[in-house]
Structures are given as C-alpha cells and as structure tokens.
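First up is the structure itself, then whatever we jot down about it.
The values are calculated or read from the model by the stated rules, or taken from the named source; none is laboratory data. What you see is a predicted model, and the numbers here were worked out from it, not measured in a lab. A quick note on method: Cβ atoms are made from the backbone with ideal geometry, for glycine too, and the neighbour counts reach across all protein chains shown.
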C-alpha cells in the first residue's frame, strides 16, 4: 500500500501496530463492494475494536449529559402540593427515556471495552487450574472468557499470567469498576420488577445507573483501570493508542504494512 503521508494525527479508533520504533496500520477488508460490473474488496484502515467500544460509551454519556443539562434540568418544576419534582410539560418525559437509553449504552460499552482488552490478554494456550471444596477445576481460554466475570479474569488470571502484584484494596478505580460490572449485569439480566423487603419495586437499579453515571463519573473507572494495567503489562498489543505510555509522532512514523506478494 505504500507510505501514508499524514497531515494530522489519525483517528483514535485506528489500530496501531508496533515493530521496534516503527508504527503501522493495516488494511481491513470490510466487505465486497460493487460498482457497475466491478466487484472487489472495500479496504479501510483496521479499527481498534476496544477503542470503538470506548468511543461508543464516551459519545453516549456525553449525549446523555447534554440532554439532561439542556433539555431536562431547565424544565423541572417543584410540585408543592405533592412535594416532589416533575417535568413542567408531562409530554416531554420521553426526554428522560432518551437519556436513560444513552446511559444504558454507556454502561454496557464501557464495560465491554475493558472486557475485550482483558480477553485479548489471555494466552490462547492457557490452562487455568484451581481447587474448590476439594474438587479440582481447569479452564481453557474459551471457558475463561465465557464463564468468568471480567473482575475475576483480572484478579485471578491476568495477575498470574503476567506475574504482577496488585493491591486491589488500594486501587482507587477497582471498587468503581466492580460496581460498573454490577450495573452492567443488571442491564443484561434486567428485571422490570423485583421483590425487595416483601414489596414489589419497579426497575430498582435504574436510579442508581442514572446518578452514578451522569453525576458521579462512574464510567471513568474503565479508562482508569486500563491506564493502570497498561503501566503494569509490557508490550500490551491491541491497546487503543491513547493508552500508549509515550507520545508518538504519527506524522513521522505511521506507515502501512505492505501487502505480501
């Protein structure tokens, strides 16, 4: 494909490969495209999929914040008679639904961003063994990916594979990420109604999601966790290039891999 003359930094979602001090991107065959009688591969720069997931989350939360600040907050009215806040125009409650949808998307894809990187770090030939109640168990890569939570993969598998010590009790972003994992699971395994203290509560976790993600920046825990792990694990290929430990001048160093043959 030849050398690419970049006049500005590439999109943060581009997959970057390193060999020594050289940085490369690859072509990605996305589908067979037709124009008239010609049918051939449509090639784009290969995306970094964890970065796509993170970008979806970032955009969704940003849009939710804009809806909340500009289209919801200015139109909230205190009802003195009933002693609660409500929308001035009840017909505009759908804006809150729009906001909630984007919060849900933000939670799921923020978590998926971390999960995809962790799954990529697990060696293909791994044999993870442990014992419980006197019984021995063994997982390969597929079992680990499908049957273990992301927090367990990090704490039990990744630390062992890369021989790293992490004091999780003192890792500031860890508890936040564990709570993010909990909220993500509440969405994926959603219960519209739940018995709590013998009372039916409708969608009991929705308010937690709304407050934690829009007002308490819970989703920052994903980015902070990967930033921390990238400093512990050397040569972590597949990271979005915003997590590279050093600044890279892509204008000078970014090239395409050349096609073989």
- Message: Out of everything in the range 144-170 that is part of a helix (DSSP H, G or I) and free of Cβ contacts under 8 Å to residues at least 12 places away in the same chain, what residue ends up being farthest from residue 121 (Cα to Cα)?
- Response: 147
- Item | Matching residues, the range 132-148, being within 22 Å of the chain's Cα centre (by Cα) and surrounded by 15 or more Cβ atoms within 10 Å (Cβ to Cβ) | 141, 144, 145, 148
- Scan of the range 13-52 for residues that are assigned to a loop (DSSP other than H, G, I, E, B), loosely packed, with under 15 Cβ neighbours inside 10 Å and at pLDDT 80 or above, ordered by number: 36, 37
- Residues of the range 146-176 that turn out to be in contact with a strand residue (DSSP E or B) (Cβ under 9 Å, 6 or more places away or on another chain) and under 23 Å from residue 234 (Cβ atoms), as a count: 4
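Rundown of residues vs (1) crowded, with 17+ Cβ neighbours inside 10 Å; (2) under 12 Å from the mean Cα position of the chain (by Cα), yes/no style:
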residue: 69; (1), (2): no, no
residue: 73; (1), (2): no, no
residue: 78; (1), (2): no, no
residue: 81; (1), (2): no, no
residue: 88; (1), (2): no, no
residue: 96; (1), (2): no, no
residue: 106; (1), (2): yes, yes
residue: 111; (1), (2): yes, yes
residue: 122; (1), (2): yes, no
- Item | Count - residues of the range 86-129 that are within 16 Å of residue 210 (Cβ to Cβ) and assigned to a helix (DSSP H, G or I) | 17
- List every residue pair whose Cβ atoms sit under 8 Å apart, with the two residues 6 or more apart in sequence or on different chains, where the first one lies in the range 223-244 and is under 16 Å from residue 165 (Cβ atoms) and the second, anywhere, is loosely packed, with under 14 Cβ neighbours inside 10 Å and modelled with pLDDT of 90 or more. 232/164; 233/164
- Note on the structure: Those residues of the range 171-181 which are without any contact (Cβ under 8 Å) to a residue 60 or more places away in the chain, in a helix (DSSP H, G or I) and surrounded by 14 or more Cβ atoms within 10 Å (Cβ to Cβ) amount to 173, 174, 176, 178, 179
- Kindly indicate the residue of the range 234-261 that is assigned to a loop (DSSP other than H, G, I, E, B), touching a helix residue (DSSP H, G or I) at 6+ places or on another chain (Cβ under 9 Å) and more than 16 Å from residue 115 (Cβ to Cβ) and also modelled with the lowest pLDDT among those meeting that condition. 248
- Item | Matching residues, the range 180-197, being out of contact with any helix residue (DSSP H, G or I) (no Cβ under 7 Å at 6 or more places or on another chain) and within 16 Å of residue 115 (Cα to Cα) | 182, 185, 188
